[in-house]
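Below is one structure, written out as structure tokens; comments come after it.
The values are calculated or read from the model by the stated rules, or taken from the named source; none is laboratory data. Given the structure is predicted, the values throughout are model-derived calculations rather than measurements. Don't worry about glycine lacking a Cβ; one is built from the backbone with ideal geometry, like all the others, and counts go over all protein chains shown. These area figures cover heavy atoms from the full protein model, side chains too; ligands, DNA and RNA do not enter into them. Shrake-Rupley method; radii C 1.70, N 1.55, O 1.52, S 1.80 Å.
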Amino acid sequence: GAGVSQSPSNKVTEKGKDVELRCDPISGHTALYWYRQSLGQGLEFLIYFQGNSAPDKSGLPSDRFSAERTGGSVSTLTIQRTQQEDSAVYLCASSLSLASYTGELFFGEGSRLTVL
Amino acid sequence: AQSVSQHNHHVILSEAASLELGCNYSYGGTVNLFWYVQYPGQHLQLLLKYFSGDPLVKGIKGFEAEFIKSKFSFNLRKPSVQWSDTAEYFCAVTSTAAGNKLTFGGGTRVLVKP
């Protein structure tokens, strides 16, 4: 498809388990962002990748969170030893370049994570 | 701390009423400003953006926003809302002083009653 694709759309897991969330950006987009949207909390920046540059990981809330982007395309966000406070919608977005240059991020539908 | 603040969490209004949503930021450096909208059941999409030039920016669907540098504000306006404007609206900022990542405010849920 032409848009940003995320999977799974819904994930229910038990506390303590690891989860992987996948993002397939729009072809040709060099920048990829991950955000977390919790109820009533707005969008919380997690990490972004830009081309071959080192990612900006400044928003990752703990060392249980990590992300990688293979081949400059698909990205995986991994949450280890999940906690109930990790429950949220995880949004991925891509853009032609950094938002500060192009101004428009294209968002996926999100992956809703529920930790029991 | 650097932040983006949206003062109203919920707004309820009737069709044809005027809408103004507040957004303030506390970043230094050169800023670029955005409003995104999320309609029910849909993904976030760009409404309008300001990079430079005329501080009054026109976006899609009759929305506009005004950048007032002295007030660190970028308020969103629409003179006459429609039921289809029911959505959540997010202000966002990039700043050269904050590593250029796009930071969002907490969002404002707008409900337009028919």
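Per-structure values
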| read-out | value |
| --- | --- |
| In region B:26-49, residue farthest from residue B:86 (Cα to Cα) [restricted to those that are touching a residue at least 40 places away in the same chain (Cβ under 8 Å) and open to solvent by 50 Å² or more (accessible area, probe 1.4 Å)] | B:29 |
| Residue check for residue B:52: more than 10 Å from every other protein chain (Cβ to nearest Cβ) and either in contact (Cβ under 8 Å) with a residue 40 or more places away in the chain or open to solvent by 60 Å² or more (accessible area, probe 1.4 Å) (or both) | yes |
| Residues located in region A:12-42, provided they are over 22 Å from residue A:57 (Cβ atoms), part of a loop (DSSP other than H, G, I, E, B) and not hydrophobic (A, V, I, L, M, F, W, C) | A:14, A:15, A:16, A:17, A:27, A:28, A:40 |
| Qualifying residue in region A:63-81 (condition: surrounded by 15 or more Cβ atoms within 10 Å (Cβ to Cβ) and facing chain B (nearest Cβ under 10 Å)) | no |
| Selected residue (only one of B:103, B:108 is crowded, with 18+ Cβ neighbours inside 10 Å, more than 9 Å from chain A (Cβ to nearest Cβ) and not aromatic (Phe, Trp, Tyr)) | B:108 |
| Matching residues in region B:1-25 - criterion: being closer than 28 Å to residue B:82 by Cβ, out of contact with any helix residue (DSSP H, G or I) (no Cβ under 8 Å at 6 or more places or on another chain) and open to solvent by 60 Å² or more (accessible area, probe 1.4 Å) | B:7, B:8, B:9, B:10, B:12, B:14, B:16, B:18, B:20 |
| Residues of region A:1-15 classified as more than 14 Å from every other protein chain (Cβ to nearest Cβ) and either closer than 18 Å to residue A:67 by Cα or free of Cβ contacts under 8 Å to residues at least 12 places away in the same chain (or both), total | 3 |
| Selected residue (only one of B:61, B:69 is away from chain A (no Cβ under 14 Å), over 28 Å from residue B:113 (Cβ atoms), touching a residue at least 12 places away in the same chain (Cβ under 8 Å) and open to solvent by 70 Å² or more (accessible area, probe 1.4 Å)) | B:69 |
| Complete set of residues in region B:76-100 that are within 10 Å of chain A (Cβ to nearest Cβ) and either under 11 Å from the mean Cα position of the chain (by Cα) or within 22 Å of residue B:42 (Cβ to Cβ) (or both) | B:88, B:90, B:91, B:92, B:93 |
| Residue in region A:16-40 that is modelled with the lowest pLDDT, counting only those that are surrounded by fewer than 12 Cβ atoms within 10 Å (Cβ to Cβ) and of a type outside the set (A, V, I, L, M, F, W, C) | A:40 |
